[in-house]
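The values are calculated or read from the model by the stated rules, or taken from the named source; none is laboratory data. Because the structure is predicted, anything quoted here is derived from the model rather than measured. Here Cβ is always computed from backbone atoms with ideal geometry, including for glycine, and neighbour counts include all displayed protein chains. Side chains are part of the model used for accessible areas, which takes the heavy atoms of the whole protein and leaves out ligands, DNA and RNA. Shrake-Rupley method; radii C 1.70, N 1.55, O 1.52, S 1.80 Å.
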Amino acid sequence: MMNRKILSVQLQCLRLIVLFTLIFGMILGVDDSSSIAAEITSNQPQVVQPSVTGLVSTLSDEVEELPSDLIRWSTYWQLCWEPYPEAKEYELQTVLVEGKSPKLKRQSDRCFRIQAASNENQKSQGLLNRDLILLMHKIQLGYRVRAVLDNNRVSEWSQVMAVGATTTSELNSTQNTCNSPCGTNDSTGSEFF
């Protein structure tokens, strides 16, 4: 009961701080607000339709045998998409349960590869906990992609694809191949933000 009262008081204090911060910011920013808004608007790229399509995601496993009947394994998740007309590059955005990352990853390749699971364990155990690790990623982590065009234009974002989830080639009849060898730009979880 005491914890609820403390939490309630803390929330009320937080609301007051936010309110005062907003009021103070409005007072200070009255003269400059129009120029700041114009600057932000002019730097934003123009969004054009359609979005990037033909997303195909796959999983691949790599297993290395170690001494003492151990193995070291990794599962890679790869996302590829159809070429976008007049695209100079592509941008990927990390989408987490908490929201979308403000940091974008820019690349010229039409495939993106990330290590989705790994472990070292007894060979007899196979790929221990692989499915559990992939399931956790499917729930928490995804990517979406857009094309970067000339004249400060970008395409709309694609749908979000969950890391660890796969599509099948029957769902998409087009061939999705990378401009360069797939997987040369491996990423790790440390770069998301």
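Brief remarks follow.
- Heavy-atom accessible area with a 1.4 Å probe sorts 61, 109, largest first, into 61, 109.
- Per residue solvent-accessible surface (Å²) - region 35-145, probe of 1.4 Å: 57
- When each of the peptides 45-51, 92-98, 142-148 is scored by the mean number of other C-beta atoms lying within 10 Å of its residues, the order from highest to lowest reads 142-148, 92-98, 45-51.
- Residues 62, 91, 156 ordered from highest to lowest accessible area at a 1.4 Å probe: 62, 156, 91.
- Solvent-accessible surface (1.4 angstrom probe) belonging to residue 133, in square angstrom, nearest 10: 50
- For residue 70, the residues whose amide H sits under 5 Å from its own are 123, ignoring neighbours fewer than 5 places away on the same chain, with H placed 1.01 Å from N.
- Gained length - residue 69 relative to residue 97, 0.36 nm times residue gap less alpha-carbon distance: 6.3 nm
- Amide hydrogen neighbours beyond the local backbone of residue 117, cut-off 5 Å, H modeled: 75
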